[in-house]
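The values are calculated or read from the model by the stated rules, or taken from the named source; none is laboratory data. On a predicted model such as this, the values are computed, not experimentally measured, just so you know. All Cβ positions, glycine included, derive from the backbone under ideal geometry; neighbour counts span all protein chains shown. Areas reflect the complete protein model, heavy atoms only, side chains present, ligands, DNA and RNA absent. Shrake-Rupley method; radii C 1.70, N 1.55, O 1.52, S 1.80 Å.
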Amino acid sequence: MSNVYYYNNLVNLTPSQLFYWVAIDMTLKQVGGQDVVAAAAILAGQPLIPVSGKLGGATKGTSVASVTARRLLNYQMPFRMPSITGKNARQLKIAFTKNLGAFVGRAIPGIGWMIMAYDVVQIIRNTLSKFNSLVKPEDRLW
């Protein structure tokens, strides 16, 4: 007979069902206002605004983040700064710019992705910790 568990008024859960419900619970505890900000940053960084005059290898379009940052921070730096550009993971490339606004505008979606990645790691860590504290040794993960 396999081990069965109880969690938040749910009874007779198998280890995999328990893991599922713990993961849902840990996700709900982790997700908050920072995730709304992260999602907004990611969306604001998408190159959806059409522009003309870009060279052949450049990513087509520009983002709300880039337009806004260039308007607010239109300063030329004495050195070139690296930034990541591209519409998706396959088209990522490094572009250099001296314009502070362009640099900041290109960094905004990356910051959003870092916040989301941090949350995913925390959800996994907390789920495994909680799950392993609830189950018998033979049902523990890692």
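Laid out as a table, the results:
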item	result
Filtered residue count, the stretch 33-59, keeping only those that are outside any helix (DSSP H, G or I) and either over 13 Å from the mean Cα position of the chain (by Cα) or of a type in the set (Val, Ile, Thr) (or both)	14
Within the stretch 88-117, considering residues that are open to solvent by 80 Å² or more (accessible area, probe 1.4 Å) and part of a helix (DSSP H, G or I), the one modelled with the lowest pLDDT	89
Counted residues, the stretch 69-104 - those being closer than 18 Å to residue 46 by Cβ and hydroxyl-bearing (Ser, Thr, Tyr)	2
Residue count for the stretch 60-87, restricted to those that are assigned to a strand (DSSP E or B) and over 19 Å from the mean Cα position of the chain (by Cα)	8
Selection from the stretch 96-142 of residues that are under 20 Å from residue 80 (Cβ atoms) and not aromatic (Phe, Trp, Tyr)	97, 98, 99, 100, 101, 102, 104, 105, 106, 107, 108, 110
Members of the stretch 118-127 that are surrounded by fewer than 17 Cβ atoms within 10 Å (Cβ to Cβ) and of a type outside the set (A, V, I, L, M, F, W, C)	118, 122, 125
Selected residue (only one of 83, 63 is small (Gly, Ala, Ser), on the phi < 0 side of the Ramachandran plot and in contact with a Pro (Cβ under 7 Å, 6 or more places away or on another chain))	63
Within the stretch 6-64, tally of residues that are closer than 25 Å to residue 123 by Cβ and surrounded by 11 or more Cβ atoms within 10 Å (Cβ to Cβ)	32
